[in-house]
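Engineer: This is the structure, below, for whatever I ask next.
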Amino acid sequence: MAEIEIILPDGTKQKRSAGITVKEFIESWKTELIGSTVAAKLNNIPMDLSHPIEGSVSLTPIDITSKEGLVILRHSISHVMAQAVQDIFKGVQISIGPATEEGFYYDFDYAETFTPDDLEKIEARMREIIAADYPFIREELSRIDAIGLFQGKGENYKVELLKDLPEDVRIVSLYHQGGYVDLCRGPHIPSTGMIRAFKLLSLAGAYWRGDERNRMLQRIYGTGFATEAALADYLYMIEEAKKRDHRKLGRELDLFQMSDEAGPGLVIFHPKGTMLRMIIENWERKEHLKRGYDMVMGPQILKVDLWKKSGHFDHYRENMYFTQVEEQAYGIKPMNCLSHMLIYKSKIRSYRDLPLRYFELGTVHRHEKTGVLHGLMRVRQFTQDDAHILCMPEQLNDEITAIADFVGYAMKIFGFEYEVELSTRPVNSIGSDADWEMATTALENALKYKHMAYEVNEGDGAFYGPKIDFKLKDALKRKWQCATIQCDFTLPERFDLSYFGMDGERHRPVMLHRVILGAIERFMGVLIEHYAGAFPVWLSPVQAVLLTVTDNHIPYGEKVYGMLCDAGIRAERDFRNEKLGYKIREAQMQKTPYMLVIGDREVESKCVSPRQRDGKNIGAIGVDEFIELIRDKCSQYK
Ligand SMILES: [Zn+2]
Ligand SMILES: [Zn+2]
C-alpha cells in the first residue's frame with residue numbers, strides 16, 4: 001500500500017498507509033482523543049471519523065467542546081430528533097434541520113400540531129436511539145437515485161431540495177442511523193451514543209424555505225452540549241436571562257416604556273429611569289472634567305452639505321434621517337463629530353493648545369431596521385458619551401493609553417469585566433494606505449504598552465479608520481459592546497484642520513472618536529440585566545423608602561423624609577393606609593436597597609430601623625447614622 005504523510009496541528013508529520021480511516025489514525029496517534037473527537041479537518045475540510053485518508057493531508061481533530069465540534073454534535077442530535085419524530089408520528093415529512101448559534105432545530109410537516117407533551121415523548125424516544133448507539137453511516141449516490149429513494153418514502157421536501165441543486169451536482173451524500181435516512185453534507189459524530197446531553201426547548205411555526213407563500217411547517221428547537229454540566233449551565237443561563245430581561249424589569253421597576261404610539265425604537269424614560277440615567281450622566285461629566293475634557297454641545301440637525309463633506313452622506317446615508325427647513329436640506333446627526341470639528345476650526349490652533357478633548361453627551365438618531373430593534377439594547381434615538389480628541393500624531397499613544405485607563409476604571413466602578421478587540425480596515429473605506437497603517441499601528445502600540453490581551457477582527461473597522469472595541473461581560477457572561485476608540489486621519493483632512501507646530505509650519509492634527517460606556521440607553525439595559533434590577537446603592541434611583549405603620553406615624557415620617565432629602569439621599573414615602581406587610585412586599589419588588597419602617601418605637605426613640613432588600617435588619621439607628629451609612633456606600637463613586 002502506498003505510504004502517505006499526515007501533517008498534525010503542531011507541524012509534525014507521521015507516515016501511514018493510504019486508506020487508513022481518520023479514526024484509525026487518531027487511535028494510533030493519540031488514542032485518548034477518540035472519546036472526545038467528533039470529526040477531523042482534512043486539509044481544513046471537516047470529515048467523518050470513518051473517512052478513509054487516501055493521500056497526504058493536514059489533519060486537525062475537532063473536539064466535541066469546540067465551536068465546530070458543537071455544531072457537528074448539535075446537527076447530529078437534530079437527525080436523532082427527526083428519527084424519533086418519525087418513529088412516533090406516522091406520516092411526518094422531514095424538511096431541514098441545521099445547527100444554530102446555540103443549538104439546533106428541525107422543521108416537520110405533520111397534519112396535527114405538536115404539543116409540549118409531545119416534546120417529552122420525543123425526548124424519551126431520542127434517549128432510546130442514543131442508548132442503541134447507532135453508527136452514522138455516510139452513503140454517496142447519484143442525484144437521480146436519491147430522488148427515487150426519497151420519492152419512495154414520500155419525502156417531498158427532500159425531493160424538492162434535490163431537484164433544486166445546481167445542474168452539475170450529480171452525486172449527493174446521505175446519512176443513515178438506525179433505519180433513518182437524511183440528505184446531508186455531513187460530517188456527523190461517529191454514533192448516536194456520543195450524545196450525552198441534550199434538551200428540546202420549544203415549538204414554533206416556520207414557512208418552508210422561509211417564504212410566507214409556502215406551507216407553514218412545525219419547528220422544534222433544541223440544544224445539546226458535550227456534558228450534562230454544560231447543558232445545565234446553559235439552561236440556567238436562559239432561565240436567568242428571562243428573569244433579568246430589561247424590558248420586563250423596566251416595566252416592573254417603572255423605569256421606562258417603549259410605546260407604539262411614540263414609535264418603534266424610541267425610549268420614554270419614566271421618573272426612576274430618568275434618575276438612573278442622570279446618575280450615570282453626572283458620573284460621566286465629573287469623570288471627564290477630571291481627565292481634562294471640555295464639555296461642548298452641538299445641534300441635532302446640520303446642513304446636508306456638511307454631511308457630504310464629512311463622507312457620511314456617501315457612506316452612512318441609509319442610516320440617517322433627513323429633513324427640510326426653508327428649502328434647505330438638513331441631516332439629523334447620526335454622530336456627534338461634525339460640531340466638534342467646527343469648534344476646533346473656530347480659532348487658529350497651535351501645538352500648545354493640543355490635545356483638545358471635546359466631550360458631549362450627544363444624542364444621535366440612526367435608522368435601524370424594525371426587525372433588529374430590541375428594548376434599550378437596539379434603538380433609533382440614543383445618547384452617547386462621545387468625545388473627540390484632536391492631537392498631534394506623536395500624542396496619539398498617550399491619548400489612547402489614557403482612554404484605555406478610563407475604560408478600565410469605568411468597568412470597575414460599574415462592576416464589569418471586559419475584553420478588547422482591534423478592528424482593521426474594511427472593504428468600503430476612505431483614506432490612504434499610509435494613514436490606515438499609521439492609525440492601526442498607533443492603536444496596537446497602545447494596547448501592547450498597556451499589556452492588554454486583544455483579538456484582531458480583520459476588516460471590521462469603521463469606514464474612516466481602525467478601532468479598538470471593549471466588550472464588557474455581564475453577570476451571565478454575555479458580551480456587550482461598550483467603549484470604542486477610533487482613529488481618524490480622514491476627517492481632519494476633509495475639514496482642513498490644522499495647527500501651527502513648533503517649527504512655525506502648519507500641520508494636520510489626528511482625531512480620535514471615542515466613547516466609554518457607549519450608548520447610555522444600551523448601557524442602562526445591560527446594567528438592569530447585570531444587576532437583575534437590584535442596583536448598587538449609589539446607582540439606585542430610590543435608595544430608601546419610608547413605610548409608616550399607621551397614620552399616627554406620618555408626622556415623624558415626614559420629618560425623617562425631610563432630613564434624608566436635605567442630605568441628598570434619594571428617598572421615597574409610602575404613607576398609604578395599607579397593611580405594612582403589603583408595603584414591604586411592594587418595596588422588595590421595587591428592589592429598593594433600604595426600607596425604613598416608621599412605627600411607635602421609631603417615633604419614641606427618634607430613630608429608624610433600616611431593613612435591607614435581602615431581608616436583613618440593621619436594627620435601630622439614628623437618622624444621622626443612616627445618612628452616614630448611605631454616604632459610605634456611595635463614597636467610592638464620588
Ligand atoms: Zn444533516
Ligand atoms: Zn465621532
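We did not get these values from a lab; they are worked out from the coordinates using the rules stated. These numbers come from a predicted model, not from an experiment. Here the Cβ positions follow ideal geometry from the backbone for every residue, glycine too, while neighbour counts run over all protein chains shown.
Engineer: Do any trypsin sites (Lys or Arg not before Pro) in the range 143-183 lie in a loop, going by DSSP, with at most 10 other beta-carbon atoms within 10 Å of their beta carbon, and if so which?
Structural biologist: Sparse-neighbourhood loop trypsin sites (Lys or Arg not before Pro): 170.
Engineer: How would you classify the range 531-595 from its alpha-carbon gyration tensor, with a ≥ b ≥ c the square roots of the eigenvalues: rounded for a/c under 1.5, else prolate if a/b is greater than b/c, otherwise oblate?
Structural biologist: oblate
Engineer: Can you tell me which lysines have their Cα less than 23 Å from the Cα of residue 15? Leave out same-chain residues fewer than eight positions away.
Structural biologist: List returned: 23, 30, 41.
Engineer: Something else: Can you compute log10 of I(q)/I(0) for the range 462-603 with the Debye formula, treating each Cα as one identical point scatterer, at q = 0.09, 0.13, 0.20 Å⁻¹?
Structural biologist: Reported log10 I(q)/I(0), two decimals: -0.54, -0.74, -1.12.
Engineer: Could you tell me which residue out of 36, 183, 440 lies farthest along the dipole of the chain toward its positive end? Charges go on the beta carbon: Lys and Arg +1, Asp and Glu -1, centred on the Cα centre.
Structural biologist: Of the candidates, 440 comes out farthest on the positive side.
Engineer: Give the residue list of trypsin sites (Lys or Arg not before Pro) in the range 581-637 that are DSSP loop and have at most 13 other beta-carbon atoms within 10 angstrom.
Structural biologist: Loop-located and lightly packed - 606, 616.
Engineer: Take the Cα atoms of the range 153-276, build their convex hull, and give its volume per residue in Å³.
Structural biologist: 210
Engineer: Next question, about the same structure. Taking Cα atoms, how many degrees apart are the long axis of helix 143-152 and the longest axis of the chain, rounded to 10 and kept between 0 and 90?
Structural biologist: Value to nearest ten degrees: 90.
Engineer: Which pairs, out of 121/199; 591/633; 242/479; 243/477; 412/477, put more than 19 Å between their alpha-carbon atoms?
Structural biologist: none
Engineer: Return the inverse of the average 1/r over all pairs of distinct C-alpha atoms in the chain, which is the Kirkwood hydrodynamic radius, in Å to one decimal.
Structural biologist: So the Kirkwood estimate lands at 29.7 Å.
Engineer: Can you give me the relative contact order of the range 475-562 as a percent, contacts being Cα pairs under 8 Å and 6 or more apart?
Structural biologist: 25
Engineer: Which of 351, 344 comes first, and how do the rest follow, when ranked by fewest Cβ neighbours within 10 Å?
Structural biologist: 351, 344
Engineer: Quote the FRET efficiency, to the nearest 0.05, computed for residue 314 versus residue 363 with a Förster distance R0 of 35 Å and r equal to the Cβ-Cβ distance.
Structural biologist: 0.90
Engineer: At 222 nm, what value in deg cm²/dmol follows for the chain if DSSP H runs of at least 4 each add -39500 (n - 2.57) and the sum is divided by all its residues, to the nearest 500?
Structural biologist: -10500 deg cm²/dmol
Engineer: Each label point is 7 Å from the Cα along the Cα-to-Cβ direction; what then is the distance between the points at residue 237 and residue 212, in nm?
Structural biologist: With each label placed 7 Å out from Cα toward Cβ, I get 3.3 nm.
Engineer: What angle do you read, to the nearest 10 degrees and between 0 and 90, between the alpha-carbon axis of helix 623-634 and the longest principal axis of the chain?
Structural biologist: 50
Engineer: Right, next: Once you keep just the Cα pairs under 8 angstrom separated by 6 or more residues, what percentage relative contact order results for the range 541-621?
Structural biologist: The normalised contact order for the range 541-621 reaches 33 percent.
Engineer: Quick one: net charge of residue 4's neighbours, Cβ under 13 Å, K/R +1, D/E -1?
Structural biologist: Here the charged neighbours net out to -1.
Engineer: Follow-up question, since we're still on this one. Work the Kirkwood hydrodynamic radius out for the range 1-120: mean of 1/r over every pair of different alpha-carbon atoms, inverted, in Å.
Structural biologist: 16.4
Engineer: Still on this model: If the cut-off is a Cα-Cα distance under 13 Å, which aspartates and glutamates reach residue 583, setting aside same-chain residues fewer than 8 apart in sequence?
Structural biologist: Partners found: 572, 574.
Engineer: To the nearest 10 degrees, how steep is helix 271-290 against the longest Cα principal axis of the chain, on a 0 to 90 scale?
Structural biologist: That works out to roughly 80 degrees.
Engineer: For 409, 594, which order do you get if you count the other beta carbons within 10 Å of each Cβ and list the fewest first?
Structural biologist: With the sparsest Cβ surroundings first, the list reads 409, 594.
Engineer: Got a sec? How would 614, 254 order by Cβ neighbour count within 10 Å, fewest to most?
Structural biologist: Ascending Cβ contact count within 10 Å gives the list 614, 254.
Engineer: Rounded to the nearest 5, what is the percent of antiparallel bridges among the DSSP beta bridges in the range 525-638?
Structural biologist: In the range 525-638, DSSP labels about 40 percent of beta bridges as antiparallel.
Engineer: Rounded, prolate or oblate, given the Cα gyration tensor of the range 271-414, with a/c below 1.5 counting as rounded?
Structural biologist: oblate
Engineer: Can I get the semi-axes of the range 477-547's equivalent ellipsoid? Compute them from the C-alpha gyration tensor as square roots of 5 times the eigenvalues, in angstrom, largest first.
Structural biologist: Taking √(5λ) for each Cα gyration eigenvalue gives 44, 15, 9 Å.
Engineer: Just the C-alpha atoms of the range 90-203: what Rg/Rh do they give, with Rh taken as the Kirkwood radius?
Structural biologist: 0.97
Engineer: For the range 1-109, what is the relative contact order in percent, using Cα pairs closer than 8 Å and at least 6 residues apart in sequence?
Structural biologist: Dividing the mean separation by the residue count of the range 1-109 yields 20 percent.
Engineer: Next up: How about residue 290: which lysines have a C-alpha closer than 16 Å to its C-alpha, ignoring those fewer than 8 places off in the same chain?
Structural biologist: Result set, ordered by chain and number: 638.
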